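Since the structure comes first, as structure tokens, the remarks are kept for the end.
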Amino acid sequence: MKVTFSVAPEPEREEAEAARQLFAGPVDFLKGVVAMNGLPPADRPEVCFAGRSNVGKSSLINALTGRKGLARASNTPGRTQEINYFTLGTHGYLVDLPGYGFAKAPVPVVQKWQTLLKAYLGGRPTLRRAFCLIDSRHGIKPVDHEIMTLLDRSAVPFQVVLTKADKLGPNAIKPVLEQVETELQKHPAAFPQLLVTSADKGQGIAGLRSIIAGLD
């Protein structure tokens, strides 16, 4: 049976404003984690962001929080292979996973990252949803299926967020949405709703904020 993946509608005004106020409040880099025993206490909901290198993950996190330099902490030397935690006030955690698909990384580094990622996804009880970022110019690639399959096996619901939508023409997004919908049929953990975003133009940001704010 084919699952329909529709584009998320814009949130209602009151819902969007409540979510905006949440993200306008205190948001801070907490720590970078290199082993499971370094994770903060599982005392609040958290969502994580995964995506290929250069998919625009840092830009999206900065757009969500309205802080241009927040996610730079995850790009400083020594933190590129860490799971980076940001506090969303006392409401929850935003978790920035290392970019995957880095073919030039040394094999031991990749293996260490994969081991940590599997342990995190399979053993974090407060993880409410993963957001898989896909470049809207390229659609889902084989390397994306690897992380999605891992999420399937870990029974972690994930939602696809298409980034850099402003780089496409007004009609160019349609075939990308069709490709994504076809590819997501292979993944039972995929949430049947897509988000189309542009960190530069603000497209889809209010919707993503509202979804995260509602994941208690």
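So what is the relative contact order for the range 107-186, in percent, with contacts set as C-alpha pairs under 8 Å and at least six apart? Walk me through the numbers on the way to the answer.
Details: 64 pairs, mean separation 28.4, N = 80.
Result for the range 107-186 is 36 percent.
Using the charge dipole of the range 104-179 (Lys, Arg: +1 at Cβ; Asp, Glu: -1 at Cβ; taken about the Cα centre), state which of G123, V156, I173 has its Cα farthest towards the positive end.
Checked the options; the winner is G123.
Take the alpha-carbon positions of the range 126-167, form their convex hull, and give its projected area averaged over all directions (one quarter of the hull surface) in nm².
Working: hull surface 12.4 nm².
Approximately 3.1 nm², given one-decimal rounding.
Rg and Dmax in Å for the range 1-100, alpha carbons only: what are they?
Spelled out, the Cα radius of gyration and Dmax of the range 1-100 are 15.0, 46 Å.
Using the heavy atoms of the protein chains and a 1.4 angstrom probe, tell me the accessible area per residue for the chain in square angstrom.
49
Largest first, what is the accessible-area ranking of H187, H145, H138 with a 1.4 Å probe?
From most exposed to least exposed: H138, H145, H187.
Along the three principal axes, how long is the chain when you take its alpha carbons, biggest first, rounded to the nearest angstrom?
Projected onto the principal axes, the Cα atoms of the chain cover 45, 38, 31 Å.
Among V55, V196, V95, flag the residue with its Cα farthest along the positive direction of the charge dipole of the chain, charges on Cβ as +1 for Lys/Arg and -1 for Asp/Glu.
Checking the options against the dipole of the chain, the answer is V55.
Post the alpha-carbon centroid distance, the range 156-200 to the range 1-31, in whole angstrom.
When both Cα centres are located, 16 Å separates them.
Can you give the helix-only mean residue ellipticity at 222 nm for the chain, where every DSSP H stretch with n ≥ 4 adds -39500 (n - 2.57) and the sum goes over all residues, rounded to the nearest 500 deg cm²/dmol?
Result for the chain, helices only: -10000 deg cm²/dmol.
Report, for the chain, the % of DSSP beta bridges that are antiparallel, rounded to 5. Don't jump to the answer; show the numbers that get you there.
Details: 12 of 34 bridges.
Counting only bridges with both partners in the chain, antiparallel ones make up about 35 percent.
Expressed as a whole percentage, what fraction of the accessible surface of the range 83-189 belongs to carbon and sulfur atoms when a 1.4 Å probe is rolled over the protein heavy atoms?
On the way: 2660 of 4720 Å².
Roughly 56 percent, rounded to a whole number.
The values are calculated or read from the model by the stated rules, or taken from the named source; none is laboratory data. Treat the numbers as computed from the prediction; the structure is a model and nothing was measured. Neighbour counts run over all protein chains shown; Cβ positions are idealised from the backbone, glycine included. Note: accessible area is taken over every heavy atom of the protein model, side chains too, but ligands, DNA and RNA are not part of it. Shrake-Rupley method; radii C 1.70, N 1.55, O 1.52, S 1.80 Å.
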